[in-house]
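The values are calculated or read from the model by the stated rules, or taken from the named source; none is laboratory data. On a predicted model such as this, the values are computed, not experimentally measured, just so you know. Positions of Cβ are generated from backbone atoms using ideal geometry, with glycine treated the same way; all protein chains shown enter the neighbour counts.
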Amino acid sequence: MGKKGGQVLITEEGLRHDGRRPDELRQVRMEVDVLENADGSALVEFGGTKVLAAVYGPREPIQKYIVLPDKAVLRVRYHMAPFSTSERKSPAPSRREVELSKVIREALESVVLSDLYPRTVIDVFIEVLQADGGTRTTGLTAASLALADAGIPLRALVGAVAVGKIGGTLVLDIDEVEDNYAEADMPVGAAPDIGLVTLFQINGVMTKEEVAKGLDMALNAIERIVEMEKEVLRSKYARVGEV
Amino acid sequence: MGKKGGQVLITEEGLRHDGRRPDELRQVRMEVDVLENADGSALVEFGGTKVLAAVYGPREPIQKYIVLPDKAVLRVRYHMAPFSTSERKSPAPSRREVELSKVIREALESVVLSDLYPRTVIDVFIEVLQADGGTRTTGLTAASLALADAGIPLRALVGAVAVGKIGGTLVLDIDEVEDNYAEADMPVGAAPDIGLVTLFQINGVMTKEEVAKGLDMALNAIERIVEMEKEVLRSKYARVGEV
Amino acid sequence: MGKKGGQVLITEEGLRHDGRRPDELRQVRMEVDVLENADGSALVEFGGTKVLAAVYGPREPIQKYIVLPDKAVLRVRYHMAPFSTSERKSPAPSRREVELSKVIREALESVVLSDLYPRTVIDVFIEVLQADGGTRTTGLTAASLALADAGIPLRALVGAVAVGKIGGTLVLDIDEVEDNYAEADMPVGAAPDIGLVTLFQINGVMTKEEVAKGLDMALNAIERIVEMEKEVLRSKYARVGEV
Amino acid sequence: MSTTPFKIPIVPSIKRETYLNLYSRGLRLDNRDLYTPRRVEIETGVVEKANGSALVSLGNTKVMAGVKIEVGTPFRDTPDQGVLTVHAEFVPLASPTFEPGPPDENAIELARVVDRSLREVGAVDLSSLVIREGEKVWIVWVDLYILDHDGNLFDASMLAAMAALKTASLPDYEEYETGEIEVLRDKSQGPLKVDHTVVTVTTAKIGNYIIVDPTLDEEAISDARMVVAVDEQGRIVGLQKTGPHGYTREELERVLNISLSASKVYFKSLEEALARQG
Amino acid sequence: MSTTPFKIPIVPSIKRETYLNLYSRGLRLDNRDLYTPRRVEIETGVVEKANGSALVSLGNTKVMAGVKIEVGTPFRDTPDQGVLTVHAEFVPLASPTFEPGPPDENAIELARVVDRSLREVGAVDLSSLVIREGEKVWIVWVDLYILDHDGNLFDASMLAAMAALKTASLPDYEEYETGEIEVLRDKSQGPLKVDHTVVTVTTAKIGNYIIVDPTLDEEAISDARMVVAVDEQGRIVGLQKTGPHGYTREELERVLNISLSASKVYFKSLEEALARQG
Amino acid sequence: MSTTPFKIPIVPSIKRETYLNLYSRGLRLDNRDLYTPRRVEIETGVVEKANGSALVSLGNTKVMAGVKIEVGTPFRDTPDQGVLTVHAEFVPLASPTFEPGPPDENAIELARVVDRSLREVGAVDLSSLVIREGEKVWIVWVDLYILDHDGNLFDASMLAAMAALKTASLPDYEEYETGEIEVLRDKSQGPLKVDHTVVTVTTAKIGNYIIVDPTLDEEAISDARMVVAVDEQGRIVGLQKTGPHGYTREELERVLNISLSASKVYFKSLEEALARQG
């Protein structure tokens, strides 16, 4: 039952290697407006995973030919700092980073009201400062906050979290140790206020029933994550209001 | 007499390792209109060598600055599929592929009536699916057919074949095994209807007399190859006519 | 006192491994107008170090977007020939070459009267043909000569030389052997006629007093170097005048 | 950096209306119903020089897969396993929008989804690919070559990869005293050991409709697509949402059901092709 | 090819006048005097996965440094020494003018100046980094990550590099019979051996004024800058003139004096931060 | 992708007429006849750090060749041979049309034609370059550096390569107990073993004329060019048609005759230069 390489991943009491219950998130920390130059920025931490996101735009791109006549073009870069991983990561973008940049961009496309800004680009830069599992979901959450912080009109906020399957048990928000031994990893990103799942992947083997149960766990948690996002944005605007 | 590495390349009877006579082509197969999206396409096989060519254009290029005011720009890419060779080939273009793209483009420049389409590009994409000797000549033949299939006006059709020198004997249409042991390899491409040789290379050591004799062999064969091209194109148009 | 790896770098008499005194330059050779196509060119040798520089421009760049409305853009490439170094150097630009291209460009920016040629570029290409220490200073000297040879108006000519610190002794114009054992290397480029130091680096450990003394040595030598530059340019124009 | 596609022609809304209208009557432009893939043709052994190969047509979409098996070094953390690598090329002859150059984000996504779907379920038995543990293993290269693009590259590519792998043979080798391994390309040790069969089912969401195996035109008007990888036991062995829009919770359930059901068509096509080959 | 910057907005001459006016009264826009750096904040241990790390704020400029220590091969001509490598990324979130892609000439110059200033004085004891002479040594990677650019990246980067190195610990390892080395990332052998402390002091020349620690606005109106690296003994351990203009002989003397004096502020900030960490 | 050159200025047809007119009288603009190359100057030993070097002027065309000999690994299929590698750089100082960057198709074609012409006839005795069979051999790098481009880079490059190779010396080496080889760059084992001398003769076809050694202006108005490599025995050891147009069967015969005849001029220049060199 989830015991590989000498590591007990789920105890007899049903607790995880770090003491969490199956449906428990790691400690989540969110902060917005953490950078000076960017139009919007956010730092989001899920346990040991730390991700910074910054937004520039809407602005005119240097390469004029990439604009669209009827809406803003969204550009997203998901990138890992060389010191963010166990072994030093080369700063050149890996195939994994290329794929995740696309997956995160497509998870944001439907919430950004890009029709309001034709002939511009909106740039979202995501930097993973420390990777301990769930970097794409943490990155998507940070990107959503940074977009809101930049004042870009959004249909809804997006939150994200991964569900893992370990020794047949579904667990929420898996960390790197768990991910290494999981039978499946299912990252989910959603905008609960408009009822849409905008990021969805499965890596591993699951039954249809497990997928359904995992989706429930993830969506439930995402509601709480998006509530936290709202709280953080509210307190920022409160703070701004006070000045 | 052409016996290296335990391989008898020319028997006492003057036959080659696959039973061909010195001036015999491998089995040649040609087909046009094999792809849906391309404006013209062709698949040509010389024995185990299989090459696909596709033509797009005349069309406007994305990079506007490459056009010419008085004629179409011809762009040719000769490329080998990673699985086409004995050892897997990296898909990044090699120096050899860069050179052969140029050699094939220059072999086509004089037959394409590019003056008819100023400010456009005509793209010719050649993919070697299986390499068993003579890929450049097979590729040029396929490109000629694909251009005709695309309806691009041509001064004449081009056909091509290589002559090899093995143990002092000149042989037509050498395959990979023969090429590995040949003293020289002489690819020739020509447009017999206008009497022009448009591709000509020698790799190896030959006397002036051998070159002359080899050219005769090649040009003789190319007449037959171009006849086959015409036949294939005729039956296609016949077929189209019937519809 | 400067004796490492069995090599005596400064003798008891205060002479260097090649017999020079501490404040003595290597044999310097300068020639201008050595290339046909370039608008200006120069070959400069300091001992075994040989550097060729060529200037094209002011001219319109192919990429139109790089121009400036109020002055010429200066582009400088410092590059080493593959055969210029002990071990063959890959022709792809190294990080060192990128940095030195910038350092040399910035050493030229203040002497080129670029305001006279808005919307153009001036290209300076520096090729190190043989590297025996002091290639950046020799390159800057050659670039200055080539600019003058191209007829580009300059505020002043630039000359350059490096000072090294070996076993505590400051020595002028260090060569590669000395550089390998030096405690510090201080390349200096200056335009004596307008009293400006335009290239200045220190690699190694020096006291403030050593820096001051080294600067004196370098600037003193640079006056002589610039005199040579003028002489070479004068005889060229004299020659031209005679024709 | 991933960028909103800006080169794609804007689809006239009239076209989308036409399609939606058809869907409302359970029909499609090519006379299929909403949940049936196009005609599948699978030919194997098309490149004799490869250790395995297949040419798959899915309607007008054509994908070639070639399997090459070479000797290499195992990954450090799996010294007792061979290596499986999937690579995809969108060669420019396949579409007016493809350009020469290194794989773009679409080609990379395609290769990685196929790769993960094979890897996670252990489709190829990597432990059977060890020559000398920790030192020399077989590297299985699967190269996907898109030859004609009329939509749904995922399903066609996965079918091609699977057909090529299931008909691939492992080359023999000779080991020299120096430890050097020479591959005997013309001699086979027997078939490559493939433990599971995987297909993907791609559906597009267009308005409120979920349709199986979209054509290029349908992809252009779709809101999003879902690629569901399924093994011969009906387990989900991979999944990727792709495209700009989202799905409701209820739509996700429908997509899974439709995909699991449609997967049977692909399994049947594969079986028949391999039996013919057999 | 190095090109005159052409994307930088032209600074209105009126702005420059305003600054010069302030300088003439010994003042700056942010109320500093000419020779005092902005407020320095140094936080270490910010990335637990790195062997050493630091986040430095110099006014609104923010730089993160991460030290990773890996096993590798020594250079051929120094078989008895480990390797120190400094790399800088101008990540695009730090400034509207930074673009994704490989390091440009500015990032390369920054990394190389920091690298040389550490290397030439022997700041890190490379001889303590040998595992098996000529074969296996520790490679110390210092990655500088610019997070917010408000001028003077050199000084902030050097402080971050130094703080990360001085708080870095060397991982333990296990040596197998095969000679293979496995890094035990969770176990430490003790601190990395750092023999010297280096800071850089960047001054800008604006008109006739030399000012310490320029902001981004001050860099935009400056004629040239000088980066002077100083060690704890007050020795000059590196120097780089950067920017398009030149210096008179007399200005160079002033710059050196000002820099040596200002270096003490940075040394104090470093000491305090490391003591707190202690 | 190879593209019809689009940056080259269109040659006014009047210019072509002028040249054709001259040719009809057996003359050229620089007073040569149709079949004589320009004045050849060959200087060897111009880069002392290289193992061999030469600077060749062919009229106003200038090419430098440097030979560097390093220790490396043989190709797997030729364990008993050293390696010869030819590389060409069109450095931007040579022509207003050359740009910095990796070699383009013209530079690659040039290098490959020179390489093949040397390799196919066995000009350099590769079997004399083995240090330890299958493990360590000498790699001979020939780097062609175009310094001034006034047409016919092929012939000038081949002359430079040949002069550099024929004056190159093989460095000595020391073998350590570990098997490591150290190159003793300052000591020579003796000359590099060169068994054959090869030159190329480039002709241009302009209208009905075939002319030897075209200048840049003549290349611009030419229909096509032929590069014929010839060895000291008068054998054809390589050939490359280059340029957009074709040749009749009869023209090919003429080209071969003209080229074989003109090759003698180049051989003589080479011999004289090498004799002078001693």
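With the requirement that a residue be at the interface with chain F (Cβ under 9 Å from one of its Cβ atoms), without any contact (Cβ under 8 Å) to a residue 40 or more places away in the chain and of a type outside the set (Val, Ile, Thr), what does region C:60-82 give you?
Across region C:60-82, the qualifying residue is only C:82.
Provide a single number: the residues in region F:136-163 that are out of contact with any helix residue (DSSP H, G or I) (no Cβ under 9 Å at 6 or more places or on another chain) and farther than 24 Å from residue F:104 by Cα.
Residues meeting the conditions: 1.
In region E:177-215, how many are under 22 Å from the mean Cα position of the chain (by Cα), surrounded by fewer than 18 Cβ atoms within 10 Å (Cβ to Cβ) and not in a loop (DSSP other than H, G, I, E, B)?
Looking only at that region, the number is 1.
Pairs under 6 Å by beta carbon, first residue at the interface with chain A (Cβ under 10 Å from one of its Cβ atoms) in region D:250-273, partner assigned to a helix (DSSP H, G or I), six or more apart or different chains?
What qualifies is D:256/A:208.
Give the residue that is surrounded by the most Cβ atoms within 10 Å (Cβ to Cβ), with candidates limited to residues of region C:132-167 that are under 12 Å from the mean Cα position of the chain (by Cα) and outside any helix (DSSP H, G or I).
So in region C:132-167, the residues under 12 Å from the mean Cα position of the chain (by Cα) come out as C:133-146, C:157-162.
If we keep only those that are outside any helix (DSSP H, G or I) too, we end up with C:133-134, C:157-162.
Values: C:133: 23, C:134: 28, C:157: 24, C:158: 34, C:159: 28, C:160: 31, C:161: 29, C:162: 31.
The qualifying residue surrounded by the most Cβ atoms within 10 Å (Cβ to Cβ) is C:158.
From the set of residues in region C:92-104 that are within 11 Å of chain F (Cβ to nearest Cβ) and within 21 Å of residue C:147 (Cβ to Cβ), which is surrounded by the fewest Cβ atoms within 10 Å (Cβ to Cβ)?
As a first pass, look at region C:92-104 and keep what is within 11 Å of chain F (Cβ to nearest Cβ): C:92-93, C:97, C:101.
From the residues that got through so far, the ones that are within 21 Å of residue C:147 (Cβ to Cβ) too are C:97, C:101.
On the way: C:97: 21, C:101: 26.
Ranking the qualifying residues of region C:92-104, first place goes to C:97.
Please give the number of the condition residue A:174 fails out of (1) surrounded by fewer than 22 Cβ atoms within 10 Å (Cβ to Cβ); (2) under 15 Å from the mean Cα position of the chain (by Cα).
Of everything listed in (1) surrounded by fewer than 22 Cβ atoms within 10 Å (Cβ to Cβ); (2) under 15 Å from the mean Cα position of the chain (by Cα), residue A:174 misses just condition (1).
What do you reckon, is residue C:123 farther than 26 Å from residue E:107 by Cα, in contact with a Lys or Arg (Cβ under 9 Å, 6 or more places away or on another chain) and within 14 Å of chain F (Cβ to nearest Cβ)?
Details: farther than 26 Å from residue E:107 by Cα: no; in contact with a Lys or Arg (Cβ under 9 Å, 6 or more places away or on another chain): yes; within 14 Å of chain F (Cβ to nearest Cβ): yes.
For residue C:123, the condition - farther than 26 Å from residue E:107 by Cα, in contact with a Lys or Arg (Cβ under 9 Å, 6 or more places away or on another chain) and within 14 Å of chain F (Cβ to nearest Cβ) - is not met.
Of the conditions (1) surrounded by 14 or more Cβ atoms within 10 Å (Cβ to Cβ); (2) in a loop (DSSP other than H, G, I, E, B), residue E:80 fails just one. Which one is it?
Single failed check for residue E:80: (1).
Please work out if residue D:98 is without any contact (Cβ under 8 Å) to a residue 24 or more places away in the chain and assigned to a loop (DSSP other than H, G, I, E, B).
Numbers: without any contact (Cβ under 8 Å) to a residue 24 or more places away in the chain: no; assigned to a loop (DSSP other than H, G, I, E, B): yes.
The answer is no for residue D:98.
The conditions are (1) modelled with pLDDT of 95 or more; (2) more than 16 Å from the chain's Cα centre (by Cα); (3) on the phi > 0 side of the Ramachandran plot; (4) not β-branched (Val, Ile, Thr), and residue E:70 fails exactly one of them. Which is it?
Against the list (1) modelled with pLDDT of 95 or more; (2) more than 16 Å from the chain's Cα centre (by Cα); (3) on the phi > 0 side of the Ramachandran plot; (4) not β-branched (Val, Ile, Thr), residue E:70 comes up short only on (3).
Out of (1) under 27 Å from residue F:114 (Cα atoms); (2) at the interface with another protein chain (Cβ under 8 Å from one of its Cβ atoms); (3) free of Cβ contacts under 8 Å to residues at least 24 places away in the same chain; (4) not β-branched (Val, Ile, Thr), the odd one out for residue B:89 is which?
If we test residue B:89 against (1) under 27 Å from residue F:114 (Cα atoms); (2) at the interface with another protein chain (Cβ under 8 Å from one of its Cβ atoms); (3) free of Cβ contacts under 8 Å to residues at least 24 places away in the same chain; (4) not β-branched (Val, Ile, Thr), just (2) comes out false.
Could you tell me whether residue C:24 is touching a residue at least 24 places away in the same chain (Cβ under 8 Å) and more than 30 Å from residue F:85 (Cβ to Cβ)? Walk me through how you get there before you give the answer.
Working: touching a residue at least 24 places away in the same chain (Cβ under 8 Å): yes; more than 30 Å from residue F:85 (Cβ to Cβ): yes.
Taking the combined requirement at face value, the residue satisfies it.
Quick one: in region A:192-204, which of the residues that are at the interface with chain D (Cβ under 7 Å from one of its Cβ atoms) and in contact (Cβ under 8 Å) with a residue 40 or more places away in the chain is farthest from the chain's Cα centre (by Cα)? Reasoning before the result, please.
Within region A:192-204, the subset at the interface with chain D (Cβ under 7 Å from one of its Cβ atoms) is A:195-204.
Cutting the leftovers down to in contact (Cβ under 8 Å) with a residue 40 or more places away in the chain gives us A:196, A:198-199, A:201.
Values: A:196: 15, A:198: 11, A:199: 9, A:201: 13 Å.
Only one residue tops the list, namely A:196.
Filtering region D:74-95 down to residues that are free of Cβ contacts under 8 Å to residues at least 12 places away in the same chain and more than 22 Å from residue A:184 (Cβ to Cβ), which residue is farthest from the other protein chains (Cβ to nearest Cβ)? Before the answer, list the steps.
Applying the first criterion (free of Cβ contacts under 8 Å to residues at least 12 places away in the same chain) to region D:74-95 yields D:75-77, D:92.
Still in the running and more than 22 Å from residue A:184 (Cβ to Cβ): D:76, D:92.
Details: D:76: 9, D:92: 5 Å.
Once the filter is applied, the top-ranked residue is D:76.
Please determine, by comparing only the residues of region F:1-53 that are within 14 Å of chain B (Cβ to nearest Cβ) and not hydrophobic (A, V, I, L, M, F, W, C), which one is surrounded by the fewest Cβ atoms within 10 Å (Cβ to Cβ). It would help to see each step written out before you state the result.
Filtering region F:1-53 down to residues within 14 Å of chain B (Cβ to nearest Cβ) leaves F:1-13.
Checking which are not hydrophobic (A, V, I, L, M, F, W, C) leaves us with F:2-5, F:7, F:9, F:12-13.
Details: F:2: 23, F:3: 18, F:4: 22, F:5: 13, F:7: 9, F:9: 7, F:12: 10, F:13: 9.
Here the residue is F:9.
Applying the selection to region C:112-127, what residues are assigned to a helix (DSSP H, G or I) and not charged (D, E, K, R)? Spell out how you get there, then give the answer.
Applying the first criterion (assigned to a helix (DSSP H, G or I)) to region C:112-127 yields C:114-116.
Selection gives C:114, C:116.
Restricting attention to region A:6-43, and to residues there that are surrounded by fewer than 19 Cβ atoms within 10 Å (Cβ to Cβ) and of a type in the set (S, T, N, Q), which single residue is modelled with the highest pLDDT?
The residue in question is A:27.
Residue F:62 is checked against (1) within 28 Å of residue C:93 (Cβ to Cβ); (2) among the basic types (Lys, Arg); (3) part of a loop (DSSP other than H, G, I, E, B); (4) modelled with pLDDT of 95 or more and fails just one. What number does that condition carry?
(3)
Could you please find all residues in region B:159-186 being farther than 23 Å from residue D:49 by Cβ and out of contact with any Pro (no Cβ under 9 Å at 6 or more places or on another chain)?
Quick first cut of region B:159-186, residues farther than 23 Å from residue D:49 by Cβ only: B:159, B:163, B:165, B:167-170, B:183-184, B:186.
Across region B:159-186, the qualifying residues are B:165, B:167, B:168, B:183, B:184, B:186.
Scan region D:231-249 residue by residue and report those that are more than 7 Å from every other protein chain (Cβ to nearest Cβ) and in a loop (DSSP other than H, G, I, E, B).
D:232, D:233, D:234
So residue E:222 fits all but one of (1) in contact (Cβ under 8 Å) with a residue 24 or more places away in the chain; (2) buried (at least 21 other Cβ atoms within 10 Å of the Cβ); (3) hydroxyl-bearing (Ser, Thr, Tyr); what number is the exception?
(1)
Restricting attention to region D:117-132, does a residue exist that is within 11 Å of the chain's Cα centre (by Cα) and part of a helix (DSSP H, G or I)?
First, pick out the residues of region D:117-132 that are within 11 Å of the chain's Cα centre (by Cα): D:117-118.
Keeping just the survivors that are part of a helix (DSSP H, G or I) gives D:117-118.
Checking region D:117-132: at least one residue is within 11 Å of the chain's Cα centre (by Cα) and part of a helix (DSSP H, G or I).
Just checking, which of B:57, B:134 is in contact with a strand residue (DSSP E or B) (Cβ under 7 Å, 6 or more places away or on another chain), more than 14 Å from chain D (Cβ to nearest Cβ) and either free of Cβ contacts under 8 Å to residues at least 12 places away in the same chain or at positive phi (or both)?
On inspection, the qualifying residue turns out to be B:134.
So, in region E:146-168, exactly how many residues are within 14 Å of another protein chain (Cβ to nearest Cβ) and more than 21 Å from residue E:37 (Cα to Cα)?
Of the residues in region E:146-168, 3 are within 14 Å of another protein chain (Cβ to nearest Cβ) and more than 21 Å from residue E:37 (Cα to Cα).
Which count do you get for residues in region D:107-121 that are in contact with a helix residue (DSSP H, G or I) (Cβ under 7 Å, 6 or more places away or on another chain) and among the charged types (D, E, K, R)?
2
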